[in-house]
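Notes to accompany the following structure.
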Amino acid sequence: MKNSMYEYYEVKPVSGIADMMEQALKEAPLEIAYSYKVLDEIRSLTYEAFINRVSSLGAFLTEKGFKKSAIACVGKNSIGWITAYFTALRSEGYFVPIDKELPENDIIHLLNDSESEVIFCDEKFCSLINERKSELKFAKIFICLDGAESDDMFISLSDALTLGSSLDKTEYLSSKSDPDDMKLLVYTSGTTGMSKGVMLSERNIVSCVYYGLHVSTVYTKGLSVLPYNHTYEAVADLLVSFHHHSMLCINEALPAILKNLRLYKPDYIYIVPAIAEMFHSRIMKDLALKGMTDTFYGLVLKSKELLRNGIDKRKEIFSFLHDIFGGKLIKIVCGGAPIRPEVGEFFENIGITLVNGYGITECSPLVSANHDKYNDVRTAGIKLPCLEWKIDNPNEEGIGEICVKGPTVMLGYYKSPELTAEVIRDGWFYTGDYGRITNDDKLIISGRKKNIIVLDNGKNVYPEEIESYIQNLDYVTEVIVSGIKDENGIEKALSAEVFLSEQKTTAEVLKEIKNVCKELPIYKQISKVTIRDKEFEKTASNKIKRFIGDKIKKKN
């Protein structure tokens, strides 16, 4: 498939989740679909075995009368979570992934708001469900993902699978739903009363998988790291990997990433910029401690000279760094926020491609990504070939609100037609993100509309842009830029609040921030610095929460 500028990867068409599973059963039945740990033992499931699990669980729920139900899941990343997810997607009902890090009241609220009749949960949430069962207005069956035995209230997933395996699968497997009905209900905020339920259809998510693979391919084995309740991981990784018939290895906890990279030796991984920054920072600090910084940059120059002559020896030259990632890593897919070009350049220098992209839950979630052939980490890449995009009301720099139209755009916000009408107008989804489109049709993100700082001189400042400059200081671990208000509430200057990895005075930090930001215009210069004594509060996907007045904003 081609457009005027780019050639896309070829991808096998897929009409829906059932078709996706049938293709896998026909083309890769004995290939490993998932690898995971049970205690310290590594176990695996072939595509055939996994699909049989889904069919058994589906038959069990159908026999119990939940053929068209809302199916919620709250728990850690696990093979049980994935089984519940695919079972719901294959059914006539819809799936509701819930963030396990939410306060208890929020979890109960979302279970009720979503009208979930089937609830899958980890054993750690069983006591919560048991204590507050009377508050659950729609729940009828509770399935424990990791419990070994069933009791009066909960049935274990293993028992549900055993019972389902002996049932006739015909009714479940013949299930059909309108591809434009809600199939996935994703809540984008953790604050009760503010949460928005994004309604995604089967057409939405399958379009994201199919057209996403046109832009950014995957390989044979991935490490699955990010929380499954986020669409970035649930669609762009879980479903993309499944349709590609890759093996996906489950990372059981965030601190285990490096250990599991060495254990499973994947050739691709989906992460957020904070994790890529962590990899980069740790490696550079380790090189400095070993007195190898100059040696490293010398090797970079050597490898670049070889590349100019058509010889790629980066994997051999930097084998000591590749070993940190298991020795097989080819590609890092990075999304959820912009990433500093320096980090992308570092990975490119050592022979690992880092591709940045842009997505939003309301677009299922992918809008654009960098193609391996046309990778430019300074941008969020090229749009999916099924989409149109435009910049609304651009300023003199071409920056305005990013608008998207196409089959990945959500149905709307759950039970909120007024809110839906605010963001979907004439078929265009207004993302709330600001950016510009380059002459070669790539997207550059400036920042979130809600984060814009409007100075008294009328200039708009995107704090994310300035933060990317400040993060070039090795010792700045985290930073938030905000406006300094005078007694009348007017923003006249800019402040940076930082969390550091080493001891520095405020004067030292301000001086070095001014130095790294010197190429920015005067109105974008930082005039005040505050040093934090602890990290910023973060979301489950490791995004900083912005505290501005009495509002909380996530640093996207």
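Grab the other residues whose beta carbon is less than 9 angstrom from that of Glu202, score K and R as +1, D and E as -1, and report the net. All intermediate terms of the calculation are to be shown ahead of the outcome.
Numbers: positive: Lys183, Arg203; negative: Asp178, Asp180, Asp181.
Spelling it out: positives minus negatives among the neighbours equals -1.
Step through the residues of the stretch 470-482 one at a time and calculate ³J(HN,Hα) from phi using the Karplus curve (6.51 cos²θ - 1.76 cosθ + 1.60, θ = phi - 60°), rounding each to whole Hz and writing x for Gly and Pro.
Taking θ as phi minus 60°, the curve returns 4, 5, 6, 7, 4, 7, 8, 7, 9, 8, 10, 9, 9 Hz for the stretch 470-482.
For the stretch 1-52, what does the equivalent ellipsoid look like in terms of its semi-axes, each the square root of 5 times an eigenvalue of the Cα gyration tensor, given largest first in whole Å?
Result for the stretch 1-52: semi-axes of 31, 16, 8 Å.
Amide H of Val198 versus every other amide H placed in the peptide plane: which residues, excluding those fewer than 5 positions away on the same chain, fall under 5 Å?
Those qualifying (amide H under 5 Å, at least 5 residues apart or on another chain) are Val186, Tyr187, Thr188, Tyr414.
As a test, work out the antiparallel percent of DSSP beta bridges whose residues both lie in the chain, rounded to the nearest 5.
60 percent
What whole-number distance in Å separates the alpha-carbon centres of the stretch 423-485 and the stretch 12-87?
First find each Cα centre; the distance between them is then 39 Å.
Using each residue's phi in the stretch 97-112, evaluate 6.51 cos²θ - 1.76 cosθ + 1.60 at θ = phi - 60° and report the 3J(HN,Hα) Karplus result to the nearest Hz, with x for Gly and Pro.
Once rounded to whole Hz, the list reads x, 10, 5, 5, 8, 5, x, 4, 4, 5, 4, 4, 4, 6, 4, 6.
Going by a ≥ b ≥ c, the root eigenvalues of the Cα gyration tensor, does the stretch 320-384 fall in the rounded group (a/c under 1.5), the prolate group (a/b larger than b/c) or the oblate group?
Taking the square roots of the gyration eigenvalues as a ≥ b ≥ c, the stretch 320-384 is prolate.
Counting alpha carbon pairs within less than 8 Å and at least 6 residues apart, what relative contact order, in whole percent, applies to the stretch 33-189? Write out the running numbers ahead of the final one.
On the way: 259 pairs, mean separation 44.3, N = 157.
About 28 percent, as a whole number.
At most 13 other Cβ atoms within 10 Å and a DSSP loop assignment: could you name the GluC sites (Glu not before Pro) in the stretch 109-176 that fit?
Details: sites: Glu115, Glu117, Glu123, Glu131, Glu135, Glu149, Glu171; in loops: Glu115, Glu117, Glu149.
Answer in residue order: Glu149.
Which of rounded, prolate or oblate describes the stretch 452-554 when judged by the alpha-carbon gyration tensor and an a/c cut-off of 1.5?
On the way: a/c = 1.64, a/b = 1.13, b/c = 1.45.
Oblate, because a/c is 1.5 or more while a/b does not exceed b/c.
Helix-only mean residue ellipticity at 222 nm, the chain, DSSP H runs n ≥ 4 weighted -39,500 (n - 2.57), per residue, nearest 500. What is it?
The per-residue figure over the chain is -9000 deg cm²/dmol.
Using amide H atoms built 1.01 Å from N in the peptide plane, name the residues 5+ places from Lys545, or on other chains, whose amide H lies under 5 Å from its own.
Glu537, Lys538, Thr539, Lys555
Does the chain come out rounded, prolate or oblate by the C-alpha gyration tensor, with a ≥ b ≥ c the root eigenvalues, rounded set by a/c under 1.5 and, if not, prolate when a/b is larger than b/c and oblate if not?
prolate
Using alpha-carbon pairs under 8 Å, 6+ residues apart, how would you state the relative contact order of the chain in percent?
10 percent
Through the Karplus equation 6.51 cos²θ - 1.76 cosθ + 1.60, θ set to phi - 60°, convert the phi angles of the stretch 216-227 into ³J(HN,Hα) values in whole Hz; use x for Gly and Pro.
Listing the rounded values in order: 9, 8, 10, 10, 9, 9, x, 10, 8, 10, 6, x Hz.
Past 20 Å, Cα to Cα, is the threshold; run Lys405/Lys442; Lys100/Lys169; Lys140/Lys176; Lys390/Lys543; Lys64/Lys137 against it and keep the listed order. Spell out each step's value before the answer.
On the way: Lys405/Lys442 16 Å; Lys100/Lys169 31 Å; Lys140/Lys176 23 Å; Lys390/Lys543 27 Å; Lys64/Lys137 18 Å.
The answer is Lys100/Lys169; Lys140/Lys176; Lys390/Lys543.
Note down the relative contact order for the stretch 343-466 as a percent, whole number, built from C-alpha pairs under 8 angstrom at least six residues apart.
In percent, rounded to a whole number, it is 18.
Residue farthest toward the positive end of the dipole of the chain, with Cβ of Lys/Arg at +1 and Asp/Glu at -1: which of Ser241, Ala421, Phe50?
Final value for the positive-end residue is Ser241.
No value in this document is a laboratory result; all are computed from the given coordinates. Keep in mind that what you see is a predicted model, and the values were worked out from it rather than measured. A quick note on method: Cβ atoms are made from the backbone with ideal geometry, for glycine too, and the neighbour counts reach across all protein chains shown.
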